[in-house]
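To start, the structure under review is shown below, and the notes come after it.
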Amino acid sequence: MDYVAYGDEIKAEVGRLPITGHGLLMLPQDYRDQMFADLQAARNGFTGRVHFGPLPDGGPRVETALRWFDDFFVKHVKRASFKGTFALHDGPRRLPYPGELLYQRHAVNSLRANVVGHVRYVFPEADALHLRPVHDGTGDAHERMYIGLAFVAAQQRINSRHGRGQRGYPAARFDEVTFQSSDSRIAADHAARVDAELLQLTDLLLGAMAQALRFLPTSGKLGRRRLARDVTEQLASYLKHPVYNFDRTRRHFSV
């Protein structure tokens, strides 16, 4: 199976944001163009960036984001999957913040856990998986380094468990991580535009999930609250079902 994984993160900040968050959107390589076409159609002519952080109360940016969520949860979630993971820095076990000793190890382990868990949960019957990771490229060289290391570590962990015969861990082959801007307006070609648009969807899903779980400061922006409400409703509906009864759709959106 040939898949693409789109990644984004929420970075912890001392005194303001005590969580690390990772979001990973996975979909078949041959499904990218169909999702991209639907995202483009849902823009209704709007050409700006669609990111969670600067979402206003209303207007075309918010309406585009809401239509994207409708499309994802109604049309695409059976083939595409999203997993969010969050680590609380100021909990019973204090985790290092960026710039502190051992932060890189925490960052690698946090993203690795997302990738390994995502593969285990979504591909329980797969024999082999080829993954092309694409990550938001706004971070610095150190951040790119630990993101690359995390995918290497995840591949090693998955293959180790596959080698021991553990069910749900396919033979994994990961490409080197591609870092790029999520601004589709400056993409060099069609393939880059597709990746940029799907990175924006990843950002929206991660931000809305963090807001829904109250990991982000309470937002006064109506647009962000509306997206978070959509995610809350999805998570609540899935949590009504025992894990062993989860169907493919419920496995495809998790935290």
If you restrict to DSSP beta bridges whose two residues both lie in the chain, what percentage is antiparallel, to the nearest 5? 55 percent
Within the P(r) computed for the chain, what percentage of the Cα pairs occupies the region above 31 Å? 21 percent
Net charge near ALA208, counting Lys/Arg +1 and Asp/Glu -1 over other residues with Cβ under 10 Å of its Cβ? +2
Using only Cα atoms, locate the centre of region 135-205 and the centre of region 76-103, then give the distance between them in Å, rounded to an integer. 16 Å
Given springs between every Cα pair under 10 Å in a Gaussian network model of the chain, which of GLY84, GLY48, GLY137 has the largest fluctuation? GLY48
Filter the trypsin sites (Lys or Arg not before Pro) in region 100-190 to those in DSSP coil with at most 10 other Cβ atoms within 10 Å of their Cβ, and list the result. ARG164, ARG167
Computed about the Cα centre, the charge dipole of the chain from +1 Lys/Arg and -1 Asp/Glu charges at the Cβ has a magnitude in debye, to the nearest 20, of 860 debye
If you take all C-alpha pairs in region 20-82, what percent of them are over 14 Å apart? 60 percent
The answer for the longest stretch of the chain without any exposed GluC sites (Glu not before Pro) (DSSP loop, at most 12 further Cβ atoms within 10 Å) is 1-124
Fluctuation leader among LEU101, LEU213, LEU204 - the chain, Gaussian network, Cα springs under 10 angstrom: LEU101
Can you count the Lys pairs in the chain with C-alpha separation below 23 Å, eight or more apart or on different chains? 6
Just to be sure I understand: with springs between alpha-carbon atoms less than 10 Å apart, which residue in ALA188, ALA107, ALA172 has the highest mean-square fluctuation in the Gaussian network model of the chain? ALA188
With only Lys, Arg, Asp and Glu charged, each at its Cβ (+1 for the first two, -1 for the last two), find how big the charge dipole of region 13-103 is about the Cα centre; round to the nearest 20 debye. 160 debye
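Bear in mind these aren't lab numbers, they're just calculated from the coordinates by the rules spelled out. Computed from a predicted structure; not experimentally measured. When we count neighbours, we look across all protein chains shown, and the Cβ atoms used for this are built from the backbone with ideal geometry, even at glycine.
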